[in-house]
1. Tell me which residues, restricted to segment 139-188, are over 17 Å from Tyr206 (Cα atoms), under 23 Å from the mean Cα position of the chain (by Cα) and in a loop (DSSP other than H, G, I, E, B).
2. Can you name the number of the only condition in (1) small (Gly, Ala, Ser); (2) more than 7 Å from the ligand (Cβ to nearest atom); (3) part of a helix (DSSP H, G or I) that Gly41 fails?
3. In contact with a strand residue (DSSP E or B) (Cβ under 6 Å, 6 or more places away or on another chain) and not basic (Lys, Arg): does that describe Ala64?
4. Tell me which residues, restricted to segment 67-81, are in contact with a helix residue (DSSP H, G or I) (Cβ under 7 Å, 6 or more places away or on another chain), more than 10 Å from the ligand (Cβ to nearest atom) and not aliphatic (A, V, I, L, M).
5. Can you find, within segment 69-113, the residue that is surrounded by the most Cβ atoms within 10 Å (Cβ to Cβ) among those that are touching a residue at least 40 places away in the same chain (Cβ under 8 Å), β-branched (Val, Ile, Thr) and outside any helix (DSSP H, G or I)?
6. Every residue in segment 114-127 that is of a type in the set (Asp, Glu) and either modelled with pLDDT under 95 or exposed (fewer than 14 other Cβ atoms within 10 Å of the Cβ) (or both), please.
7. Conditions: (1) in contact with an Asp or Glu (Cβ under 9 Å, 6 or more places away or on another chain); (2) part of a strand (DSSP E or B). Leu136 meets all but one. Number of the miss?
Amino acid sequence: MSVKNQLIKERLPEHVAIIMDGNGRWAKKRGNSRVFGHRSGVKAVRAVLEAAGELEIGYITLYAFSTENWKRPKLEVDALMALLVSTITSETKTFMKNNVRLSVIGCIDTLPKEVKRKLVECIEKTSQNSGLTLNLAISYSARWEITDAVKKIAEQVKNNELDVDAIDAETISNNLTTANIPDPELMIRTSGELRISNFLLWQLAYAELYFCDTLWPDFQKEDFYEALMDFQSRERRFGKTSEQLKK
Ligand code: FPP
């Protein structure tokens, strides 16, 4: 039986977050530029979106560009920005056909005007779609996001809209960029790196972490199914004991 057919539909995650890593190494191995690696990574994005759509997974969050990625050589940053614009432009039709809704988390005010304009245009165009939500983390880092949430909460306290004693975990969640999205139950990172790299630090508190050696441009539907199979083999205890879960 194929891996896909072994998956238990009722136990699929509602939200999968992915660190798409290894584009540079993939390209280098082929004697090509890092940018070639990023371009080649787009087909892996399509594969994951298709697979997630077929399985009726609700949300996919992709770490497309971190706050720290601005420190990369200008040539690479420019190429990544151009790739975002061209991919969003060319994929909007497919999003409409497949009922995919685009959303973005991150400090989008730091993005070049054209990138921001294209993203906002696609977000608006796909806003009524009710299938998979593709959530792109762009110019995103969890420390930036948490700092921003703290500022928003402090402002509410200052304006007497919120009592300090009323602040709880939900207050924090509600002030993050993912306020309307369930926390990811599964986080996948490709390329063999075993780090979270400032990605969704609050939201991943109880996520299952899955690391594989595949470099992102080689990541295919089968790799995604493997990650989901692994997820389904885990016992998610949320601090309880195994015995308590069996009751
Ligand atoms: C990390 O690999 C990858 C990125 C920083 C960019 C990922 C972006 C894409 C695949 C384009 C996706 C486009 C859309 C619209 C979602 P790396 O460069 O750090 O690889 P390395 O660790 O091998 O150097």
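The values are calculated or read from the model by the stated rules, or taken from the named source; none is laboratory data. Keep in mind that what you see is a predicted model, and the values were worked out from it rather than measured. Please note: Cβ atoms are built from the backbone with ideal geometry, for glycine as well, and neighbour counts cover all protein chains shown.
1. Once the filter is applied, which keeps residues that are over 17 Å from Tyr206 (Cα atoms), under 23 Å from the mean Cα position of the chain (by Cα) and in a loop (DSSP other than H, G, I, E, B), segment 139-188 yields Ser141, Asn175, Thr177, Asn180.
2. (2)
3. Numbers: in contact with a strand residue (DSSP E or B) (Cβ under 6 Å, 6 or more places away or on another chain): yes; not basic (Lys, Arg): yes.
Yes; evaluated as a whole, the condition is true for this residue.
4. Thr67, Trp70
5. Across segment 69-113, the extreme among qualifying residues is Val100.
6. Step one: filter segment 114-127 for residues of a type in the set (Asp, Glu), giving 114, 121, 124.
Scanning segment 114-127 gives Glu114, Glu124.
7. Of the numbered conditions (1) in contact with an Asp or Glu (Cβ under 9 Å, 6 or more places away or on another chain); (2) part of a strand (DSSP E or B), the odd one out for Leu136 is (1).
Per-residue answers, yes or no, for (1) touching a residue at least 60 places away in the same chain (Cβ under 8 Å); (2) surrounded by 12 or more Cβ atoms within 10 Å (Cβ to Cβ):
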| residue | (1), (2) |
| --- | --- |
| Asn159 | no, no |
| Asn174 | no, yes |
| Ile181 | yes, yes |
| Leu186 | yes, yes |
| Gly192 | yes, yes |
| Phe211 | no, yes |
